[in-house]
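Take a look at this one; I'll ask things after.
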Amino acid sequence: MINLKKHTKIALVYFVLAALLGCVLRFFRVLDIPITYKYIVHAHSHIALLGWVYLALTSLLYKLYLSKSEVHKKYNNIFWFTQLTLIGMLLTFPFQGYAVFSIIFSTLFLIASYWFSWFFFKNVPVEYKMTQSLQCSKAAIVYLLISSVGPWALGAIMNTLGGDSIWYRLAIYFYLHFFYNGWMIMALLAVFLFILEKQQIVFPQRSFKRFFWGLNLGIIFSFFLSTLFSHPSVVYYVFGGVGAVLQLYAFYVLWIFLLDVKLKLERLFSTFHQNILKTIGVLWGFKMILQTLSAMPYFADLAVTYLDFTIGYLHWTFLGVVTMSLFLFLDYFKLLQLGKKSFSLYILGFALTEGLIFYKAIVAWQSATLFSAFYLILAVASLLVLLALLGLLLSREKNVSQS
């Protein structure tokens, strides 16, 4: 049998390492640290997205759909091959950035993700074939595969057009968009719907179609928001705006459905979990409002000119919507022990760092001056996130020793 608690612990270790690298980046402006800043950025982002989120999501998908099938050995092979690629990236990106060995391990990770995708589609039991959660799971994996076009394109672009080309940035944004908004969000929704389905709480089919197609078309069209840095023709703004509105509509359909089943949800989730769900709902709604605003030329220019708006938005999605959802679901399925004190500390660190990042963007926008201790306070606030994650990791170890 696969020890999914161990796999979750490994994913959390990567998150701790990513947070540690993030603290190094924040203290870079406070202390004299002998590092190449750009290299640490690459390591931080890769380990956070691929070490923490990817592993946590694939562990959840395996737990939900495949843990009762006789495919443990095959999944174990995929998991440990993936670890090889992640450790390779962790040992190369901080010291050389994008270079031969880091690119090799990044490429091997793409192959590992293809292997998992093929494995998932081939082995999902027939009993789940018609479920709404599986439709979302399959869509999520399709987006995972689509997102990989970006990294593959980077090599060709670097060799022909160079790193200063618009196409270089477009390839990166293509990857990030479909990885964040496609793979991550759809997979998390799949897990949520799976939980509801197990309690016979099912979307009315007509409403689900509106939700599913609204969200998917929204994800596809909202990619055009990622092209607006190049100041393209007005049609790109329209397409991006349509995508953002469609996602808002899907969110509204889901919200109405959840209101209809509110009493059932209160019986299904503990008060602690309900509060986390409400927090995630607020964060996700605000994320989509920001996304919709970015379809307007004025706000699109703001996001391009003042990069901290974009950084704040990405962290809002990753540390807020995605990570809090993962904490909730991993705790619900008893793969992670989510201590209230550690989670509260995480919320505090998240709120402080996000507030400070957006504050810095607004200060730059208004041509004002940061207060003198800004970078020190931001660095210390980042330590709160790291300490919270260490608390979760230690409580996880305590849980394992007792089981």
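What is the spin-label model distance, in nm, from I289 to W365 if the labels are put 7 Å beyond Cα along the C-beta direction?
In this crude label model, I289 to W365 measures out at 1.3 nm.
Here's a follow-up. Gain in length, V202 to S69, computed as 0.36 nm per residue apart minus the alpha-carbon separation, to one decimal in nm?
Here the segment from V202 to S69 would lengthen by 45.4 nm.
Same structure, new question: Report Rg/Rh for the chain, rounded to two decimals, where Rg is the Cα radius of gyration and Rh the Kirkwood radius.
Dividing the radius of gyration by the Kirkwood radius yields 0.94.
Between K6 and S230, what FRET efficiency follows from the Cβ-Cβ distance if R0 is 56 Å, with the result rounded to 0.05?
Given R0 = 56 Å and the Cβ-Cβ separation, E is 0.80.
A further question follows. Taking 0.36 nm per residue of sequence separation and subtracting the Cα-Cα distance, how much length would be gained by fully extending the chain between V126 and N159, in nm to one decimal?
Extending this stretch completely gives an extra 7.4 nm.
Also: Going by a ≥ b ≥ c, the root eigenvalues of the Cα gyration tensor, does region 131-305 fall in the rounded group (a/c under 1.5), the prolate group (a/b larger than b/c) or the oblate group?
Note, shape of region 131-305 comes out prolate.
Show that you can apply the helix-only estimate: for the chain, add -39,500 (n - 2.57) for every DSSP H stretch of four or more residues, divide by all residues, and state [θ] at 222 nm to the nearest 500.
So the calculated ellipticity at 222 nm is -25000 deg cm²/dmol.
Considering only L31, L348, L258, give the residue with the highest GNM mean-square fluctuation for the chain, with springs between Cα atoms whenever their separation is below 10 Å.
Evaluated over the chain, the most mobile residue of the options is L31.
Report the label-to-label distance for I166 and Y98 in nanometres (one decimal), using points 7 Å from each Cα along the Cα→Cβ vector.
1.8 nm
Sticking with this structure for a sec: Let me know the shape class of region 326-381, please: from the alpha-carbon gyration tensor, a ≥ b ≥ c as square roots of the eigenvalues, rounded when a/c is under 1.5, otherwise prolate if a/b is greater than b/c, or oblate.
Prolate, because a/c is 1.5 or more and a/b exceeds b/c.
Just so you know, all these numbers are worked out from the coordinates, no wet-lab data involved. The structure displayed is predicted, hence computed values, not measured ones. For neighbour counting, all protein chains shown are included, and Cβ atoms are generated from backbone atoms with ideal geometry for every residue, glycine included.
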